[in-house]
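All of the numbers you see were taken from the coordinates with simple rules; none came from a lab. The shown structure was predicted, so the numbers you read here are calculated from the model rather than taken from an experiment.
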Amino acid sequence: MLVTAALYAPTLGYPFAYEDANDPDTFLAAPSWAELGQRLVQRPTRALTELSFAANRGLFGAENPVGYHAGNVALHLVNVALVALLAWQWMPPTAAMVVALAFAVHPLNVEAVAYVSARAEVVAASGVLLALLAASLGSFAGALCGVLLACLGKETAVMAWGLVPLWAVATRAAFPVRRWLVTGLVAAVAALGLLMPIYAFGFDWGVIQRAAAAIWRLVSLVVVPVGLTIDHDWHGVPLWLSSVAVGGLVTATVAAMWALQQRASWLALAWLSTVLWFLPRFVVPAPEGLHEHHAYLIVAVWLLCAGAWLSRFPFRAGVTP
């Protein structure tokens, strides 16, 4: 935690950057409580993130970036702790600390933590990590609260309804998966009712190709975090490359599903979680596609799976090799 705080301490002196300074409706405006309430009613999918920005405005002022950056760093520290607690479920304490430290300092997380506009991703990750921890401990209510918090952080966190049972099955946690799936079905219908007025869902081959190419690139940066320049304009991806990425993504997903049945589960769990988390990007047209901060949660999942695999520990907590 101290290393993480020291690493990100310089961000407290950073100004607003890029969309931070160009999105007054979310960051720099100081609406009245009535206006804030109306905004949350119109867009409830980011209510928790909006309230955190409101707290920044109230404590530090609307145009002071210090509070906003401090809030992002504090949330990242919470997520580092949650990753450590999750890692302790399947690996020795030393290995768990290494995984948590790797997540704390992974270069791909810099955009999510140092970029104020990316706070929704960090808030959503907090809820998802809490839900996965609760599922690992067999707590239905805890997992439900975690997913709800995630969905109030960012709308794409609705995919956590699928991540929780996937995680529980792969790790063989004592979790009521069937009851969760029934609850998730009801939640999915409600979520679609909220999201349909906000987003125009559709099938666009170009969007699918760009998303597939971006997933390959982001996963490679999770595994080998070098050359962290990413082209946000995915329209520039060659047609042949994006087509190959779609084929590779489908093939890898089918192979991961087979591996999950054969109990080769950690790599399969990492890949399937990645595809599931990014699934909305295939049906929601976006001008730029995926960015680095969208992989924030996926960095945690891949590191957890890698740590468990390297530790050679069984899935079930408390069982010796």
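Tabulated data for the structure shown
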{"item": "Phi to ³J(HN,Hα) by Karplus 6.51 cos²θ - 1.76 cosθ + 1.60 over the stretch 77-92, Hz, x for Gly, Pro", "result": "4, 4, 5, 4, 5, 5, 5, 4, 5, 5, 5, 5, 5, 10, 9, x"}
{"item": "In Hz, Karplus ³J(HN,Hα) per residue of the stretch 268-278 (6.51, -1.76, 1.60; θ = phi - 60°; x = Gly, Pro)", "result": "4, 5, 4, 5, 5, 5, 4, 5, 5, 5, 8"}
{"item": "Residue-wise HN-Hα coupling along the stretch 95-104, computed from phi with Karplus coefficients 6.51, -1.76, 1.60 (Hz; x: Gly, Pro)", "result": "5, 4, 5, 5, 4, 4, 5, 4, 5, 4"}
